[in-house]
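Let me begin by presenting the structure, written as structure tokens, before commenting on it.
The values are calculated or read from the model by the stated rules, or taken from the named source; none is laboratory data. Being a predicted model, the structure only gives us computed values, none of them experimental. Using ideal geometry, Cβ is built from the backbone for each residue, glycine included, and neighbour counts are taken over all protein chains shown.
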Amino acid sequence: MNNAQNPIARDNGLVVQEMDNEVLVYDLDSNKAHCLNDSAAFVWRSCDGTNSVADIVKEFEKNSKGKVSEDFVWLAIDQLNENGLLTSGVTKPFAGQSRREVLKKIGLASLVALPVVASLVTPQSAMAAGSCACPAGNPAPCAALTPCPNTANCNPGGVCAP
Amino acid sequence: MAEYRATFRSYGVEFSILSNDRAILAEASEVASHALLGNVVEIEAYETQHKLTLRKVKNGIHFKLGSDDHGVTPWPKLAHFFDTCVRLVVAEFAVDKVFIHCGVVVWKGQTILFPGDSYSGKTTMVAEFVKRGATYYSDEYAIIDENGDVHPFVRPLSIRHKTDFSLRHDTPAESLGGTLGRHAVPVDLVFLLQYVRNSRFRPAKLTAGEALMHLMPFAISLRSNPKFTLLLLNKVCDRANVFKSNRGQSEKVANKIIDLIDKIDL
């Protein structure tokens, strides 16, 4: 049975690509790509609403991924939550401590790779991904082409350029 | 008002060009064929999902790509943008292939990708290798098939003027000393390079997941077909060594990449 306190992995609006020791998650709503290392991916998959943090610790160890603490799992949950990969906000228990401090504390004690979620914003449209071209004399498209030089003017050569 | 239409198929994508002016339609059709390097066939005209509409009006041509209104521009100036739009439509919706915004060369049997946005220096890096005798595949797109192999898209290198980026000239790879790629080849190396003046080239090898994440922004079909796009990018990342680094002058970086290829066990 689901417990409101237990974390639940989000499954809507995501495209998931499984890899050997990582999982790539593409969030269609936020246009962000997230790379979960093996530890973070395991925790994410375990967030089914029935598993508590203590259960996830047990599952982690049962799957021969090494001995970890609840703080270790919370560290993963904190990052998953921050990146919108859980269905509802989860209150992190690291009262008064920064993630850096927690990382340091867990990192020194852990032989297992710390959970890491790396993220990157992706372009909103194919046009933005592909080109800085624009119809000469018409400034409108330049502002939408995020990777292009920061200008609102389409030059006579038909490119958004400084 | 009369409406003229030409319908084409390229890389499995069917698109129509519509105009109220027969001459504009003919010119636009020629631009489209040129944009796709002749990989385009005219098919029987009918309703297609992708429409590029060029309506001749008093001050120029009113251009619409689907429902996106790009306003009125005189035709010669609009032609370059139209050319880009045609390529992007095909690149975004290509069947069984994923187009990545990339420069591609083959150097001593190693296929190298240089992903990048416009102005990131893809063509500059490609040109450095072509000058050294590399086989040229593309300065714009890596066209990836279902095996993860890259196909040639050998348009002339579009080399920008050193000070005025709006000026560029088409330079055939052969005139720089290179040869043209003709067959699909597996990808061996990917260099994600960011130009930073006077920076040192310090390549950091990415994990397959990191590599996939960093390649995603350059895949044209990411929004329209994310699942298939990730599947094919994964095939590239699964096989290739992917490095990320800042870079300074292209000539020096090309030499360092060549040294790296000679040193590392690929």
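For B:Ser199, indicate whether it is over 18 Å from B:Ile257 (Cα atoms) and either within 14 Å of chain A (Cβ to nearest Cβ) or at pLDDT below 95 (or both).
When the stated conditions are applied, B:Ser199 does not pass them.
So, in segment B:101-121, of the ones that are part of a loop (DSSP other than H, G, I, E, B) and within 11 Å of the chain's Cα centre (by Cα), which residue ends up nearest to B:Ile144 (Cα to Cα)?
Restricting to residues being part of a loop (DSSP other than H, G, I, E, B) and within 11 Å of the chain's Cα centre (by Cα), the top hit is B:Gly116.
Of all residues in segment B:216-226, how many are small (Gly, Ala, Ser) and farther than 12 Å from B:Glu92 by Cβ?
0
Please verify whether A:Val16 is within 14 Å of another protein chain (Cβ to nearest Cβ), under 30 Å from B:Leu215 (Cβ atoms) and either modelled with pLDDT of 95 or more or exposed (fewer than 12 other Cβ atoms within 10 Å of the Cβ) (or both), treating the condition exactly as stated.
yes
Looking only at residues in segment B:227-250 that are without any contact (Cβ under 8 Å) to a residue 40 or more places away in the chain, surrounded by fewer than 20 Cβ atoms within 10 Å (Cβ to Cβ) and within 27 Å of B:Phe93 (Cβ to Cβ), which one is nearest to the other protein chains (Cβ to nearest Cβ)?
B:Lys227
Does B:Asn59 qualify as being modelled with pLDDT of 90 or more, of a type in the set (S, T, N, Q) and over 30 Å from B:Gln194 (Cβ atoms)?
no
So is B:Thr53 within 19 Å of the chain's Cα centre (by Cα) and more than 13 Å from chain A (Cβ to nearest Cβ) or not?
No, not satisfied.
Quick check: is even one residue across segment B:61-77 under 22 Å from B:Arg155 (Cβ atoms), surrounded by 21 or more Cβ atoms within 10 Å (Cβ to Cβ) and either within 14 Å of another protein chain (Cβ to nearest Cβ) or without any contact (Cβ under 8 Å) to a residue 24 or more places away in the chain (or both)?
Scanning segment B:61-77, I find no residue that is under 22 Å from B:Arg155 (Cβ atoms), surrounded by 21 or more Cβ atoms within 10 Å (Cβ to Cβ) and either within 14 Å of another protein chain (Cβ to nearest Cβ) or without any contact (Cβ under 8 Å) to a residue 24 or more places away in the chain (or both), so the answer is no.
So, in segment B:101-116, of the ones that are in contact with a Leu (Cβ under 9 Å, 6 or more places away or on another chain) and within 14 Å of chain A (Cβ to nearest Cβ), which residue ends up modelled with the lowest pLDDT?
B:Gly116
Does B:Ala211 fit the bill of being away from chain A (no Cβ under 14 Å) and modelled with pLDDT of 95 or more?
For B:Ala211, the condition - away from chain A (no Cβ under 14 Å) and modelled with pLDDT of 95 or more - is not met.
Assess whether A:Ser46 counts as being within 14 Å of another protein chain (Cβ to nearest Cβ), out of contact with any strand residue (DSSP E or B) (no Cβ under 6 Å at 6 or more places or on another chain) and within 30 Å of B:Leu215 (Cα to Cα).
no
Residues in segment B:139-161: is at least one touching a Pro at 6+ places or on another chain (Cβ under 6 Å) and closer than 20 Å to B:Val31 by Cα?
For segment B:139-161, residues touching a Pro at 6+ places or on another chain (Cβ under 6 Å) and closer than 20 Å to B:Val31 by Cα: present.
Of the conditions (1) more than 16 Å from B:Ser250 (Cβ to Cβ); (2) surrounded by fewer than 23 Cβ atoms within 10 Å (Cβ to Cβ); (3) among the aromatic types (Phe, Trp, Tyr), B:Phe99 clears all except one; give me its number.
It is condition (2) that B:Phe99 fails.
Closer than 30 Å to B:Glu92 by Cβ and in a loop (DSSP other than H, G, I, E, B) - does that describe any residue in segment A:63-83?
Within segment A:63-83, one or more residues are closer than 30 Å to B:Glu92 by Cβ and in a loop (DSSP other than H, G, I, E, B).
Which pairs turn up if I take residues in segment A:60-72 that are buried (at least 19 other Cβ atoms within 10 Å of the Cβ) and look for partners that are polar (S, T, N, Q) and in a loop (DSSP other than H, G, I, E, B) with beta carbon separation below 9 Å, at least 6 apart in sequence or on another chain?
A:Val68/A:Ser110; A:Phe72/A:Ser110
On the given criteria, is B:Glu128 within 21 Å of B:His169 (Cβ to Cβ) and facing chain A (nearest Cβ under 9 Å)?
No, not satisfied.
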